[in-house]
Each structure stands twice: as structure tokens, then as C-alpha cells.
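Asker: The structure's right below; bear with me while I get my questions together.
The values are calculated or read from the model by the stated rules, or taken from the named source; none is laboratory data. Fair warning: this is a prediction, and the values are worked out from it, not measured in the lab. Here the Cβ positions follow ideal geometry from the backbone for every residue, glycine too, while neighbour counts run over all protein chains shown.
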Amino acid sequence: MPLITSKEMFAKAYEGQYAVGAFNVNNMEIIQGIVEAAKEEQAPLILQVSAGARKYANHTYLIKLVEAALEDSGLPICLHLDHGEDFEICKSCVDGGFSSVMVDGSKLPFEENIALTKKVVDYAHARGVVVEGELGRLAGVEDAVNVSAKDATYTDPDQAVEFVERTGVDSLAIAIGTSHGAYKFKGEPELDFERLAKITRMLPGYPLVLHGASTVLPEFVRKCNDFGGQLKGAQGVPEAMLLEAGKLGVCKINIDTDLRLAMTASIREHLATHPGDFDPRQYLKPAREAIKNMVKHKIRNVLNCSNRL
Ligand SMILES: O=C(CO)COP(=O)(O)O
Ligand SMILES: O=C[C@H](O)COP(=O)(O)O
Ligand SMILES: [Zn+2]
Ligand SMILES: [Zn+2]
């Protein structure tokens, strides 16, 4: 089974009012856990790689691991670059075998974001690769840079229409109050659904993307803290809100933090309860299982995309 783009996945998701999960991958155990879950659930799947993941694991290793996952699982998979910040990284992923790239010009002025996104779209489309753009700015941690709430800006619906028309971008990440990382809200969680509904009305049939969409399930934060962690005040996007977004034109939901929490909680618990263990397989095996269980939970309760292949 070769890599696929997200084009058909999104068309079906839009129609069926559900979302496809885009999970960040950094190593073999994470890829295996995610892919096993998607296979058991017969769910559409996007694996995404950040610049940090490429730096950590090396582009070639990640590509080869995803190729192994395709061969072993027989699942159709879309391999996506997450937050490509310039033309060069997008080009390198298009040339290097990805089927989808994100060009993140969200911190640039509007016209510069359009110019950069259009340049990537022209290059990628000529080679059969699809492109996600971003308009509006999320708060939280992005590529180790902290974007303060003050610097975050929600997506303007009129600009979104102009951006899509002028760039020809295949999907658009929008800012409606989500943020990257484990500390998304100080008080009550709140997303701007009115804004989302307006963008969807103005761009009918067009796939939107929600970044910073981990739920930060209290049970995993608690487990981290019970076994020596110090995660104070961690809070994510409630599951009901994500299900609602899936019905309003959001076709791709990005999840990284929840995988990190699941894996770390499992490893912390294992090492604390098995102080004699020192073979990495002893704690990475349950950690991989924890990733798998988290992804199955997402597919069933957040994305609503079981049996949608
Ligand atoms: O948006 C993300 C990756 O692009 C991940 O978001 P979380 O930090 O909420 O998992
Ligand atoms: O957008 C952020 C993703 O969670 C990726 O994080 P990273 O840049 O630390 O790999
Ligand atoms: Zn961004
Ligand atoms: Zn993101």
C-alpha cells in the first residue's frame, strides 16, 4: 500500500461530519502504537512529523519506519510535515517522499503568508503533494517557542476566504482558542464556535484543521504526578468540543500532547513499580501499548472515525 494524500480522506470526513486524527510521530514505538490502533479500528490515518521530530530521529529513519508501517499494516496512510516554517523544509519533505506538507506562515504578515503558501502550493501540487496552510496564531509552545496569549490572534473569516482563493491551499488551520501543549486554559475551556461556523459557512465544503487539540485527560496527568511528575494546572480541550468541531467542517484534528502524556505516564509508572528493570523493552512495551490505547480512545470518542476506511 503506497502513501496517500489527505484529499479523499477529507472529502469523506466532511461529508460524514467526523475528523481524521493527525498524530505526531518521533520514534518506532510511537508509530507502531498509532498504526496498530488505526488498523484495529479501520480508521483513516495521518502520521505527522515536525521539524523537531526530523531533528531528533532523522528524516530517513522516519520515512523508513513509515514505509515499514505501510507494508506491515496494509493501511492507507498520509505522511504529513507538521508546521513547515519555510519553503526549504517543505521542499525537502516533498522531495523526500511525504504526501502532504504544512506551510506555517501564520506569524508572517498576511501578504507574506500568502506569497510563501502559494510558492509551496505551486511546488507541491506539481509533484502530487497536498498542502495545509495556517491563518491566525495559536498560543502555546510551538517548536520550543512560547507564543503568549497576547500574541495569539483568532482567524478572520474574510481573510480566510481570500487566503484560500489566492493560494489554492488544500486545507486551512485556523485559530479559535486552542493552543499547543498541556496548559491550554487557565479557567473554563472556551472555543469560538461562532467564528468556526462563520468560516465554514463562507468556505462551504472546505476542510479546516484544528491544531492544539489534545484533551489532556486528567487521569494521565494524575498518573504522571503520582509517579514523580510535576505537571501542575495542565488542562486541554474537552472531548465534546472536539466532536462538535468535527461536525462544523474540521476534518483534521492534531494530537501530540496526549500521546506524550500517555507514554510518559506509562514509563513513570513502570520504572517506579519495577525498580529492578533496566532493559528498555521492559518499559517501552507497555508505553507502546499506552499509545495504542490512547489512539483507540481518540478514534472512538473524539474523532468518530472508526470503520471509515
Ligand atoms: O497541534 C499539534 C501539532 O501540530 C498538537 O497539539 P497538542 O499539543 O494539543 O497535542
Ligand atoms: O506543534 C507542535 C507539535 O506538538 C510538535 O512538537 P515538536 O515541535 O516539539 O515536535
Ligand atoms: Zn502555527
Ligand atoms: Zn500544531
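Asker: Do you know which residues across segment 90-113 are among the aliphatic types (A, V, I, L, M), away from ligand 1 (no atom under 14 Å from the Cβ) and surrounded by 21 or more Cβ atoms within 10 Å (Cβ to Cβ)?
Answerer: Within segment 90-113, just VAL94 meets the criteria.
Asker: Let me ask something additional. Filtering segment 114-155 down to residues that are within 16 Å of ligand 3 (Cβ to nearest atom), more than 19 Å from ASP192 (Cα to Cα) and small (Gly, Ala, Ser), which residue is surrounded by the most Cβ atoms within 10 Å (Cβ to Cβ)?
Answerer: Applying the filter and picking the extreme gives GLY133.
Asker: Then there's this: Considering every residue within segment 249-265, establish whether at least one is of a type outside the set (D, E, K, R), closer than 30 Å to ASN304 by Cβ and either without any contact (Cβ under 8 Å) to a residue 40 or more places away in the chain or surrounded by fewer than 16 Cβ atoms within 10 Å (Cβ to Cβ) (or both).
Answerer: no
Asker: A follow-up question, please. Take the residues of segment 177-186 that are assigned to a loop (DSSP other than H, G, I, E, B) and without any contact (Cβ under 8 Å) to a residue 60 or more places away in the chain: which is farthest from ligand 4 (Cβ to nearest atom)?
Answerer: LYS186
Asker: Shifting gears a bit: Residue under question is ALA272, and the condition is that it be closer than 15 Å to ALA37 by Cβ and more than 16 Å from ligand 1 (Cβ to nearest atom); does it hold?
Answerer: No.
Asker: Please determine whether any residue of segment 57-72 is touching a strand residue (DSSP E or B) at 6+ places or on another chain (Cβ under 7 Å), closer than 20 Å to PHE10 by Cα, within 16 Å of ligand 2 (Cβ to nearest atom) and not small (Gly, Ala, Ser).
Answerer: Looking for residues that are touching a strand residue (DSSP E or B) at 6+ places or on another chain (Cβ under 7 Å), closer than 20 Å to PHE10 by Cα, within 16 Å of ligand 2 (Cβ to nearest atom) and not small (Gly, Ala, Ser), one finds none in segment 57-72, hence no.
Asker: Output the number of residues of segment 187-205 satisfying the condition of being touching a residue at least 40 places away in the same chain (Cβ under 8 Å) and either within 12 Å of LEU248 (Cβ to Cβ) or within 16 Å of ligand 1 (Cβ to nearest atom) (or both).
Answerer: So the answer is 10.
Asker: Do you know which of the residues in segment 156-179 that are within 15 Å of ligand 1 (Cβ to nearest atom) and within 12 Å of SER106 (Cβ to Cβ) is surrounded by the fewest Cβ atoms within 10 Å (Cβ to Cβ)?
Answerer: If we filter segment 156-179 for residues that are within 15 Å of ligand 1 (Cβ to nearest atom), which is where we start, we get 171-179.
Narrowing further to those that are within 12 Å of SER106 (Cβ to Cβ): 172-175.
Numbers: LEU172: 25, ALA173: 25, ILE174: 28, ALA175: 23.
Looking at the filtered set, the residue picked out is ALA175.
Asker: Which number in (1) within 19 Å of ARG300 (Cα to Cα); (2) assigned to a helix (DSSP H, G or I) marks the one condition that VAL66 misses?
Answerer: Tallying (1) within 19 Å of ARG300 (Cα to Cα); (2) assigned to a helix (DSSP H, G or I), VAL66 fails exactly one: (1).
Asker: Let me ask something additional. May I ask you to list the residues in segment 116-164 that are among the polar types (S, T, N, Q), within 20 Å of the chain's Cα centre (by Cα) and either at pLDDT 95 or above or more than 15 Å from ligand 4 (Cβ to nearest atom) (or both)?
Answerer: The answer is THR117, THR153, THR155.
Yes/no matrix, rows are residues, columns are (1) away from ligand 3 (no atom under 16 Å from the Cβ); (2) on the phi > 0 side of the Ramachandran plot; (3) surrounded by 13 or more Cβ atoms within 10 Å (Cβ to Cβ); (4) modelled with pLDDT of 95 or more:
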position: GLY187; (1), (2), (3), (4): yes, no, no, no
position: LEU191; (1), (2), (3), (4): yes, no, yes, yes
position: LYS198; (1), (2), (3), (4): yes, no, yes, yes
position: TYR206; (1), (2), (3), (4): yes, no, yes, yes
position: LEU210; (1), (2), (3), (4): no, no, yes, yes
position: ALA213; (1), (2), (3), (4): no, no, yes, yes
position: LEU217; (1), (2), (3), (4): yes, no, yes, yes
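Asker: What pairs come up if the first residue lies in segment 1-18 and is within 14 Å of LEU208 (Cα to Cα), the second is polar (S, T, N, Q), and their beta carbons are under 6 Å apart, counting only those six or more places apart or on different chains?
Answerer: Close Cβ pairs satisfying both conditions: SER6/SER100; TYR18/ASN304.
Asker: When the residues of segment 220-264 are filtered to those that are under 25 Å from ALA43 (Cα atoms) and acidic (Asp, Glu), which remaining residue is farthest from ligand 1 (Cβ to nearest atom)?
Answerer: GLU244
Asker: Let me confirm something: among LEU259, LEU243, which residue is touching a strand residue (DSSP E or B) at 6+ places or on another chain (Cβ under 7 Å), in a helix (DSSP H, G or I) and over 18 Å from ARG137 (Cα atoms)? First the steps, then the outcome.
Answerer: Working: LEU243 fails: touching a strand residue (DSSP E or B) at 6+ places or on another chain (Cβ under 7 Å).
Going through LEU259, LEU243 in turn, the sole match is LEU259.
Asker: Scan (1) within 16 Å of ligand 2 (Cβ to nearest atom); (2) surrounded by fewer than 18 Cβ atoms within 10 Å (Cβ to Cβ); (3) not polar (S, T, N, Q) for the single condition ALA234 breaks and write down its number.
Answerer: Every listed condition holds for ALA234 apart from (2).
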